[in-house]
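Below is one structure, written out as structure tokens; comments come after it.
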Amino acid sequence: MPQPDLGDVHVNALLTNVSIAYRNPQEHYIADRMFPFVPVDKQSDIYPVYTRGFMYADEGQRMIRAPGTRAPTTGWAVDNTNTYRCLNYAIGVEIPDELRQNADVPFDMDRDAVQLITALQAIRRERAFAADFIATGLWTGQADKAGTTDFVKWSDYGGSDPFTDLEDGLDAVEGASGMRPNRIAMGAITWRRLKHHPDFIDRIKGGATGGNPALVTRQLLAGLLEVDEILVGRASFRSSDEGASLTLARIIDDDLLMIYATPGPSLLMPAAGYTYYWRPLTGGGIEFVRRGRQDRERYDWVESHSYFDQVATSVVSGAFFSDAVD
């Protein structure tokens, strides 16, 4: 007796409540959390830098004033040669009418396009930050330290002393700038090695039990080092060419950077860096999305734009540890 088979009673269709896509979670990025944002009204301008040392002077006996005389005077010098320039980074997606009309649920062409272009903007800022600031030859609050050359790599649990190494860096920056670093950023592999290091485990294991072993969290390590925040950069980017076999690489790997960062734009403070963004053209944030229509060619377009410049404004306010772990 004839019976219908499975293909007669069911036609495969797209699920509407499940789809798979790969991207960096927002919390994996650190660039936007290291340097404070500074909204600016012009694409380029000057930020003044007071010459370091004037506010550390001890005028000694010269400050003694005789009755009926004027107070001794002093002053300061300002360097007005330091500038920023907010370049326009833009990326877009075109959506032909035929593609839009033929798309089935769960595809949402506008939503998917916005997710893509904003992800690429975040990767661009993260990679720019890593290339320019998670780097040697810049920060002078302490001379660059390289693992195996200037200290024992922290992945060597028997011979390294990361707590002392990090405190030395904190002290050196404070001695050079007057402000102790309050933010530390590192790659995922650096954090993986540090959080298991006996140097830190021994400092917190007093309250550990069999069911509650000692675990080093970023908050605990920040408390031990007396810094406000420890950030771990976990974001990846495609290091292979489009169309080739996919290779993903961490944007920040085995390094560590400590800086003093102000809560926001500040006067008379030695901020390690700022991210300037051109407010009138971004609508108040670091990036914006715009949409438009090409009627003759019959497609819609979606673009993400940013106008920003990440600038190290006080190189004495940071210290860098390169190749810190294996």
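The values are calculated or read from the model by the stated rules, or taken from the named source; none is laboratory data. As the structure is a computational prediction, the values presented were derived from the model and not from experiment. Don't worry about glycine lacking a Cβ; one is built from the backbone with ideal geometry, like all the others, and counts go over all protein chains shown. SASA here: full protein model, heavy atoms, side chains in, ligands and nucleic acids out. Shrake-Rupley method; radii C 1.70, N 1.55, O 1.52, S 1.80 Å.
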Task: segment 108-159, residues that are touching a Ser or Thr at 6+ places or on another chain (Cβ under 9 Å), among the polar types (S, T, N, Q) and assigned to a helix (DSSP H, G or I) - done: 118, 121
Task: Among the candidates 172, 103, 128, residue that is more than 17 Å from residue 318 (Cα to Cα), more than 21 Å from the chain's Cα centre (by Cα) and of a type outside the set (Asp, Glu) - done: 103
Open item on the list: What's the total number of residues in segment 27-41 that are surrounded by 13 or more Cβ atoms within 10 Å (Cβ to Cβ) and part of a loop (DSSP other than H, G, I, E, B)?
Closed with: 4
TODO: Taking residue 67 as the residue in question, decide whether it is more than 30 Å from residue 300 (Cα to Cα) and part of a strand (DSSP E or B).
DONE: no
- [ ] Go through segment 224-234 and count every residue that is more than 17 Å from residue 169 (Cβ to Cβ) and either open to solvent by 90 Å² or more (accessible area, probe 1.4 Å) or among the small types (Gly, Ala, Ser) (or both).
- [x] 1
Open item on the list: Please count how many residues of segment 150-198 are open to solvent by 20 Å² or more (accessible area, probe 1.4 Å), closer than 15 Å to residue 254 by Cα and polar (S, T, N, Q).
Closed with: 1
Task: Filtered residues of segment 43-64 (kept if surrounded by 13 or more Cβ atoms within 10 Å (Cβ to Cβ), at pLDDT 90 or above and in a loop (DSSP other than H, G, I, E, B)) - done: 43, 47
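Given the residues 254, 241, which is the only one that is more than 21 Å from residue 310 (Cα to Cα) and touching a Gly at 6+ places or on another chain (Cβ under 7 Å)? Break it down stepwise before answering.
On the way: 241 fails: touching a Gly at 6+ places or on another chain (Cβ under 7 Å).
Within the list 254, 241, the selection yields 254.
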